[in-house]
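We did not get these values from a lab; they are worked out from the coordinates using the rules stated. It should be emphasised that the depicted structure is a prediction, and the values quoted were computed from it without experimental measurement. Cβ placement follows ideal geometry from the backbone for every residue including glycine, while neighbour counts extend to all protein chains displayed.
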Amino acid sequence: MESAPAIQRLLDELERMPGIGPKSAQRIAYWMLNSDRETVLRLAEAIVEVKETVHFCSRCFNYAEDELCEICSSAKRDASAICVVSEPRDIAAIERTAVFFGTYHVLGGALSPMDGIGPDDLHIAELMQRLASGEVKEVLIATNPNVEGETTAAYLARLIKPLGVEVTRLASGLPVGGDLEFADEITLGRAIESRRVL
């Protein structure tokens, strides 16, 4: 069939996307084939537009269309608090909580000596430059609670504490609705260490 190579090329490209396996790629490809031309063109144009217009914020390394992202350019945000995250997608998760009103700093990953990722591969120097102004009073480290995230948090705490800036870490513990019997020892231990007075 004449169109088979084109379909296979589409399937191959879709499968390169994270979280898209062969079955998902087939569903998306067949949806595209069965959709009207305008729908598929809108999708294609949105993909091209995002690649051409979105870049990293010059201050925090979040995604932005202007020099600064919307959070960095907002006068409503508390510039005395910076939440440090590994990736821009982590900002969206924290923003959904609607409880943090400071600014952010995206490291662009986490320390991982096994993968050859050291301090110079992350936006740590830029974070330290932001802290040099003396305006920042708290740095909330919100890296993932895994080996790399914990290593990164400990490294940042050692760098930042001598500056007189308060360093905090996301509390980690039991999910709401979870059962104690199913919690692993590390999660349960952290929940006990992070206990609070009622």
Quiz item: Sorted from fewest to most neighbouring beta carbons within 10 Å, what does the list VAL176, VAL167, VAL85 look like?
Solution: VAL176, VAL167, VAL85
Exercise. Give me the distance in nm between label points sitting 7 Å out from Cα along the Cα-to-Cβ direction at SER80 and GLU95, one decimal.
Key: 2.4
Quiz prompt | Mean-position separation - Cα centroids, the range 67-131 and the range 135-163, in angstrom | solution = 11
Exercise. Report the antiparallel proportion of the DSSP beta bridges in the chain as a percent, rounded to a multiple of 5.
Key: 20
Quiz item: If contacts are Cα pairs under 8 angstrom and at least 6 residues apart, what is the relative contact order of the chain in percent?
Solution: 13
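Using just the helices of the chain, give the 222 nm mean residue ellipticity in deg cm²/dmol: DSSP H runs with n ≥ 4 each add -39,500 (n - 2.57), and the total is spread over all residues, rounded to 500. Don't skip to the end; give the middle numbers.
Details: 7 runs with 83 residues, N = 198.
That comes out to -13000 deg cm²/dmol.
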Quiz item: Once amide H atoms are built 1.01 Å from N in the peptide plane, which residues 5 or more positions from VAL167, or in another chain, come under 5 Å H to H?
Solution: VAL139
Quiz item: For HIS55, HIS123, what's the fewest-to-most ordering of other Cβ within 10 Å of each Cβ?
Solution: HIS55, HIS123
Quiz item: What distance in nm separates the simple spin-label points at GLU185 and ASP115, each placed 7 Å from Cα in the Cβ direction?
Solution: 2.7
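Sorting LEU127, LEU163, LEU11 on the 10 Å Cβ count, fewest up front, what's the list? Intermediate values should be presented prior to the final figure.
Values: LEU127 22, LEU163 13, LEU11 16.
Neighbour counts put them in this order, fewest first: LEU163, LEU11, LEU127.
Could you work out the relative contact order of the range 76-169? I mean the mean sequence separation of Cα pairs under 8 Å and 6+ apart, divided by the number of residues, in percent.
Details: 125 pairs, mean separation 29.7, N = 94.
Worked out over the range 76-169, it gives 32 percent.
State the extension gain, in nm to one decimal, for the chain segment bounded by SER133 and ALA154, taking 0.36 nm per residue of separation less the distance between their alpha-carbons.
5.3 nm
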Exercise. Please build a GNM for the chain, connecting alpha carbons under 10 Å apart, and tell me which residue among ARG96, ARG130, ARG158 fluctuates the most.
Key: ARG96
